[in-house]
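The values are calculated or read from the model by the stated rules, or taken from the named source; none is laboratory data. What you see is a predicted model, and the numbers here were worked out from it, not measured in a lab. Counting neighbours? That spans all protein chains shown, and the Cβs are built from the backbone with ideal geometry, glycine included.
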Number of protein chains: 2
Amino acid sequence: LLLDEAKMTNNICRLKRRLAGHGVRLNPHLKTSKCLEISSRLMDSMTGPCTVSTLKEAEVMADFGVRHILYAVGISPHKLDRVVEIQNRGVELLIVLDSVDQAIAVREHSERSQVSFSVLIEIDADGHRSGVMPDDTHTIVRICSTILAAGSRVVGVMTHSGGSYSASDVGEIKRAAERERLGALNAAETIRSSHFPCDVVSVGSTPAAIFADNFTGVTEVRAGVFAFFDLVMAGLEVCGISDIAISVLSTVIGVQAERSRLIVDAGWMALSLDRGTSKQAIDQGYGLVCSDEGVPYEDLIVLGVNQEHAIVGPRPNSGAKLPKLSVGDRIRVLPNHACATAAQHDSYQVLAGDPKAITDSWSRFRGW
Amino acid sequence: LLLDEAKMTNNICRLKRRLAGHGVRLNPHLKTSKCLEISSRLMDSMTGPCTVSTLKEAEVMADFGVRHILYAVGISPHKLDRVVEIQNRGVELLIVLDSVDQAIAVREHSERSQVSFSVLIEIDADGHRSGVMPDDTHTIVRICSTILAAGSRVVGVMTHSGGSYSASDVGEIKRAAERERLGALNAAETIRSSHFPCDVVSVGSTPAAIFADNFTGVTEVRAGVFAFFDLVMAGLEVCGISDIAISVLSTVIGVQAERSRLIVDAGWMALSLDRGTSKQAIDQGYGLVCSDEGVPYEDLIVLGVNQEHAIVGPRPNSGAKLPKLSVGDRIRVLPNHACATAAQHDSYQVLAGDPKAITDSWSRFRGW
């Protein structure tokens, strides 16, 4: 797994500059990279804030000295003991919930443990996955009052504009971002008008972060994939192909000229099974194939994958020719989905300058 | 990642008994399990043989004392140095190739290093992926003579009946297995009639291993997923749902009764993105959902996944109802594809007897 450090730096700076211009804080999601060296570059300070998708990530970042962490997956009661352990190390660990049942579990734990929790209420702005409906005043207020009864407190709201990933154009992303902002503000207003505080209004997704026009009322933007970008993001016009900072290095192990295809030794174990571009205007198969220096071959994609093999060939109906490659030649594959492809690897091989010279190796963490 | 040891033992014994009855050796493929404890149960002896998909697996097994290893992915020239290192530890490491270009690379390495290699020629019996056509006498003989010129030797042929995974019924699997056997024997006969030895005739895939009627002329059968089985294999009638030995334990973090769905905390990071049942008669989504004791709920499947979330609900058009589950309740998810799901985890939590009591933890290895 190769990482072009200069591209990553450009990608990170691009979003940081944009959000700074809008006066809104970036709360980087670490689930894409899961790497200390990259986390340092994503966070504004070594104490955070950052967003994580597992308590394992929170524990690793707490070990690293981070003190402000948002665990952005809805809490389940049995995880609260681990949350307390992390809090006890001096970390403000925000947890997320979207139901009165979860609020009761938090209250009961507070009563039992005499520990209080800081909570964001997840708001469902697009029907994509989880969250309270923005206009469900009853549930929002009941969550606030339920946990307050044992000393825990709601500190704000969060939304995830997951729907923006399936947008068909930039206008749709902008509308999704605005809908998300309004949903979050609506819920925040419900909380405040019931005389509870609501300091945090957290919205998120890389497409929305890149294209939203209005951040009024928003206190932070969560985004993760923007550091690497990927073919799905390129298909959404969020980035260009040349901005994609990670790729999988692979070797040609078979040339089937008569069938106009190559066999290479990177299967789904290295590329992942993500087919995120399958519903986009340009279907990139299991990845777009580049030279060993990272220059894309025209319309050359990964047509199929097995565990340790991939079949590479021209995009169907493109009329493209198979480039002249032989057994032993190296190629790179750009990922559909950076989070999924990176997750298949234990480390990043870092390229700084020379596209063929690996200058460093950065470990990834994983697990739950 | 839970592993029901009793089910795995039954699955392993079933195939071993079957192949013993046919007088043919099992050469277990370790790429599914990647685990020393499971490898010991799969191999007939602690010295092997075994089949691997990466040189990393070969190195781990060499450290473990295994002395007969088949590296079943077509060789690329730059890997031959690592092959030599493994051979130098007293391991017979068979490598695979399917082109004269690879044979020339092997010969050149032998000339340079004064080390000889033992080679299987991969034969393409079904057009699925790699291999020389069974009737391509010219290429087969030229590979044999090319490598012999520097002291390396072809010891046999191998085929992979990858096409059997997309069979529509058992009859089709049987026909695929027989086509594979005949292709392998045809190529072996070509080698022998050119006065080269051909001791090994290796065929493989779990469906073919379970259903083939005739192993005449075959010296070994490679199979891997049979130890765990999965929903794809159940869809092919290779096993029953109740034979599936691994599952992913997850917790309900949201109940959306009005939308008839649950949110659980196992996303693609835990389940994989495999959709191998999508073209089968019964589409299992991203997995079939069971109680925390492993009993499937009727028509309850994983409808969608994000990195750390899954959306669970009744199979579309099944008329099934959402079972009564609450936030904090545990479920298990059976995998579409055991290789892909297991690859998302670092260890197996072993259940022996009590379906809720984890008795051991077995590490997985990974990487290349």
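Quick notes on this one:
- Residues in the range B:43-80 that are of a type in the set (Ser, Thr, Tyr) and in contact (Cβ under 8 Å) with a residue 60 or more places away in the chain were compared, and the one that is surrounded by the most Cβ atoms within 10 Å (Cβ to Cβ) is B:Thr51.
- Top-ranked residue of the range A:80-115 - restricted to ones that are within 22 Å of the chain's Cα centre (by Cα) and of a type in the set (D, E, K, R), ranked as nearest to A:Ala58 (Cα to Cα): A:Glu92
- Residues within the range A:292-330 that are over 27 Å from A:Asp243 (Cβ atoms), surrounded by fewer than 19 Cβ atoms within 10 Å (Cβ to Cβ) and either within 11 Å of chain B (Cβ to nearest Cβ) or in contact with a helix residue (DSSP H, G or I) (Cβ under 9 Å, 6 or more places away or on another chain) (or both), tallied: 2
- Tally, over the range A:270-315, of residues that are farther than 15 Å from B:Arg129 by Cβ, touching a residue at least 12 places away in the same chain (Cβ under 8 Å) and outside any strand (DSSP E or B): 19
- When residues in the range A:331-344 are screened for being of a type outside the set (A, V, I, L, M, F, W, C) and either within 11 Å of chain B (Cβ to nearest Cβ) or over 30 Å from A:Ser33 (Cβ atoms) (or both), 4 of them pass.
- For the residues B:Val252, B:Val225, the requirement of being buried (at least 23 other Cβ atoms within 10 Å of the Cβ) and of a type in the set (A, V, I, L, M) singles out B:Val225.
- In the set (1) within 12 Å of chain B (Cβ to nearest Cβ); (2) of a type outside the set (A, V, I, L, M, F, W, C); (3) on the phi < 0 side of the Ramachandran plot, the condition left unmet by A:Lys34 is number (3).
- Residue satisfying all of: in the range A:263-291; within 13 Å of chain B (Cβ to nearest Cβ) and over 24 Å from the mean Cα position of the chain (by Cα); surrounded by the most Cβ atoms within 10 Å (Cβ to Cβ) among these: A:Val264
- When the residues of the range A:347-368 are filtered to those that are modelled with pLDDT of 95 or more and more than 14 Å from chain B (Cβ to nearest Cβ), the one that is nearest to A:Glu59 (Cα to Cα) is A:Trp362.
- Subset of the range A:110-149 [within 13 Å of another protein chain (Cβ to nearest Cβ), surrounded by 24 or more Cβ atoms within 10 Å (Cβ to Cβ) and over 19 Å from A:Arg179 (Cβ atoms)]: A:Ile143
- Residues of the range A:81-99 satisfying the condition of being crowded, with 21+ Cβ neighbours inside 10 Å and within 14 Å of chain B (Cβ to nearest Cβ): A:Val83, A:Ile95, A:Val96, A:Leu97, A:Asp98, A:Ser99
- Strands (runs of 3 or more DSSP E) completely within the range B:171-266 that count 1 or more residues being in contact (Cβ under 8 Å) with a residue 40 or more places away in the chain and under 26 Å from B:Leu288 (Cβ atoms): B:220-223, B:246-256, B:261-264
- Members of the range A:74-109 that are closer than 20 Å to B:Leu249 by Cα and in contact with a Ser or Thr (Cβ under 6 Å, 6 or more places away or on another chain): A:Gly74, A:Ser76
- Taking the range A:37-78 as the range and being of a type in the set (Lys, Arg) and either under 16 Å from the mean Cα position of the chain (by Cα) or within 14 Å of chain B (Cβ to nearest Cβ) (or both) as the test, the residues that pass are A:Arg41, A:Lys56.
- Sole exception among (1) within 14 Å of chain B (Cβ to nearest Cβ); (2) under 29 Å from A:Val200 (Cα atoms); (3) in contact with a helix residue (DSSP H, G or I) (Cβ under 6 Å, 6 or more places away or on another chain) for A:Gly224, by number: (3)
- Matching residues, the range B:21-66, being among the hydroxyl-bearing types (Ser, Thr, Tyr) and outside any helix (DSSP H, G or I): B:Thr32, B:Ser33, B:Ser45, B:Thr47, B:Thr51, B:Ser53, B:Thr54
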